[in-house]
Amino acid sequence: MRNSGVIFKAFFFIILVMSVTTLTVAGERSYHPKINPVSFQTPVANLWFSLVPGTEFTYRTVSSEGTEINIVQVTDQTKVVMGITTRVVWDRVWLKGILTEETFDWYAGDDEGNIWYFGEDSRVLQSGKVISRKGSWEAGVNGAEPGIIMKAHPAVGDRYRQEYLKGEAEDMGEVTGLKMSVTVHAGTFTGCLQTKDWTPLEPGTFEYKYYSTKVRGVVLETSSNGKKRNELISVRQLHS
């Protein structure tokens, strides 16, 4: 019995390492997460990432190009992707008062509390017209795979794919802090989760994001060179 237990533990450890490797190693070509719609039937709320309809976050960035206002709204709309009913999040960016970007993101929480990212319909606008849809992707289409945007129980050192469509959407994330403090227009937030986000499609470029359980979302985003700072202005519930 003792030998059998040792063999079982060794086998379990090998399987665990293989699973973690598949999910976390940048550039892993065999990335194919197992998605079972049944595992998304009774989603558990994530403390760091809100999918509550009517939640609206407003951010502001001041750069050499001017002032950007970014409004992110969790809508009442849903979209079925890979057999899973995802929540549509509407993300818009205005530069100097002119709408320049509009994106519809599709997220879903699983029964363990992980928030998965299933794709986006991204649009770049100029003079009110769509001039590019670069970056758009949908899990299950043309080899695209979903990724995790926020784990249920993040720990420092966790690395994970946030999305995957080879050559188009390859964002990665890593948890780099759990007790960070930041001050933004909306106030001072302590105990923040810090992540480092990057993509191999843009070597040497990355950004830090700070999430707070007080708002269940991002309160600050900064570029790797420190020249861009996108901070929370307000968060509100449009309806109950």
Legend entry - Nitroxide proxy distance, nm - points 7 Å out along Cα→Cβ at residue 238 and residue 71: 0.8 nm
Inset, instruction - Would you work out if the stretch 33-237 is rounded, prolate or oblate? Take a ≥ b ≥ c from the square roots of the eigenvalues of the alpha-carbon gyration tensor; rounded if a/c is under 1.5, else prolate when a/b is larger than b/c, oblate otherwise. - result: rounded
Inset, instruction - Calculate the dipole size of the stretch 33-237 relative to its Cα centre from +1 charges on Lys and Arg beta carbons and -1 charges on Asp and Glu beta carbons; express the result in debye to the nearest 20. - result: 440 debye
Inset, instruction - For residue 196, go through the lysines and keep the ones whose alpha-carbon is under 27 Å away, minus same-chain ones fewer than eight residues off. - result: 34, 134, 151, 166, 179, 209, 214, 227, 228
Legend entry - Theoretical gain in end-to-end length, residue 130 to residue 58 [0.36 nm per residue, Cα-Cα removed]: 23.6 nm
Legend entry - Relative contact order [Cα under 8 Å, 6+ residues apart], the stretch 33-237, whole percent: 18 percent
Legend entry - Cβ-based charge dipole, the chain, positive-most Cα from 156, 128, 41: 156
Legend entry - Gaussian network model of the chain, springs between alpha carbon atoms under 10 Å - residue of 55, 205, 195 with greatest fluctuation: 205
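Rule-based calculations on the coordinates, nothing more; no lab input. Computed from a predicted model, the values in this text were never measured in an experiment. Here the Cβ is made from the backbone with ideal geometry for all residues, glycine too, and neighbour counts use every protein chain on show.
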